[in-house]
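S.K.: Handing you a structure now.
Laboratory data are not the source of any read-out in this text; all were calculated from the coordinates shown. Computed from a prediction, not measured in an experiment: that's the story for all the values here. Neighbour counts are summed over all protein chains in view; Cβ atoms, including those assigned to glycine, are modelled from backbone coordinates with ideal geometry.
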Amino acid sequence: MALAFNDEDRAKIEQIVARYPNKPAALLPILHYAQDKFGHLAPEVQLLVAHAIDVPPPRVREVVTFYEMYHEHPEGQFHLEVCTNISCHLMGGDAVLDHLRKKLGIACGEHTEDGMFSLMEAECLASCGSGVCMKVGRDYYESLTVDAVDALVDRFKAMAPELKGHHYIEGKDGPHVGPVKGFEPPRPGAGNPAPAPAKEKEAEAAAPSKATGDLPAFNPPPLKKDDGKKKK
Ligand code: FES
């Protein structure tokens, strides 16, 4: 099925655009909207956004690849972003991140084989007074320790069946999954290569091609080896 914005999407986009002096100025919120709808900003989705608000496609890609909150590739159902910037670093952010790497068996920029978790080292999440801070979907988890993230991971695992393959967005009033397409493992033989999950894989494995929900198969460019990992 071809990707498209439906009438409801177009109405929402118009509503967002109305808050800005012109269509292109609404690029960031429209990207958020598209990412919520399609799960990630595949090249086809970027093109949809470009056409919807009259922004050249290369400009859209520049923005998507500049900001860490936009994802060109499917993330895990629970996308864990751990801050290791200065305040969180002083409170043990690196130890928390290392612990998660070992516990989940993945490096930053990778996802677990079942697609449940993906991991990223984050820049400052603006919660410096309550480090270590980790963002999961739109939720912030603060004052984290190794024991606390163990308990959180167990909680997410228990919660996963309720999400029915969708991404976790926020859990303030119980898990909210929203209209987001969920992660699906790659489907070898349907135009996709065999699954190339995390662990000992090299750079190209950090960006395996996948089909997600109703999205057509696509082959995004490989991520850099250190994607998802801050440069020190
Ligand atoms: S340093 Fe971690 S939230 Fe600011």
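S.K.: Could you list ILE86, ILE13, ILE169 in order of exposure, starting from the residue whose Cβ has the fewest other Cβ atoms within 10 Å?
M.R.: Final ranking by Cβ density, sparse to dense: ILE86, ILE169, ILE13.
S.K.: Direction-averaged shadow area of the convex hull around the Cα atoms of the stretch 7-66, nm²?
M.R.: Average projection, Cα convex hull of the stretch 7-66: 3.7 nm².
S.K.: Here is a follow-up. Evaluated at 20 °C with a viscosity of 1.002 mPa s, what Stokes-Einstein diffusion coefficient in µm²/s does the stretch 78-163 have when Rh comes from the Kirkwood expression over alpha-carbon pairs?
M.R.: This corresponds to a translational diffusion coefficient of 169 µm²/s.
S.K.: Between GLN15 and GLU162, what FRET efficiency follows from the Cβ-Cβ distance if R0 is 41 Å, with the result rounded to 0.05?
M.R.: E(calc), rounded to 0.05, equals 0.85.
S.K.: So if R0 is 35 Å, what FRET efficiency would SER130 and ALA2 give, r being the distance between their Cβ atoms, rounded to the nearest 0.05?
M.R.: Computed FRET efficiency for SER130 and ALA2: 0.20.
S.K.: Would you kindly state how much longer the chain becomes between TYR140 and GLU170 on full extension, computed as 0.36 nm times their sequence separation minus their alpha carbon distance, in nm to one decimal?
M.R.: 9.9 nm
S.K.: Tell me, Kirkwood radius of the stretch 1-158 from alpha-carbon pair distances, in Å?
M.R.: One decimal place: 17.0 Å for the Kirkwood radius.
S.K.: Convex hull over the alpha-carbon atoms of the stretch 58-120: what's its volume per residue in Å³?
M.R.: Residue-normalised Cα hull volume stands at 83 Å³.
S.K.: I need VAL146, VAL153, VAL55 ordered by Cβ neighbour count within 10 Å, fewest first.
M.R.: Working: VAL146 14, VAL153 18, VAL55 21.
Ranking VAL146, VAL153, VAL55 by Cβ neighbours within 10 Å, fewest first, gives VAL146, VAL153, VAL55.
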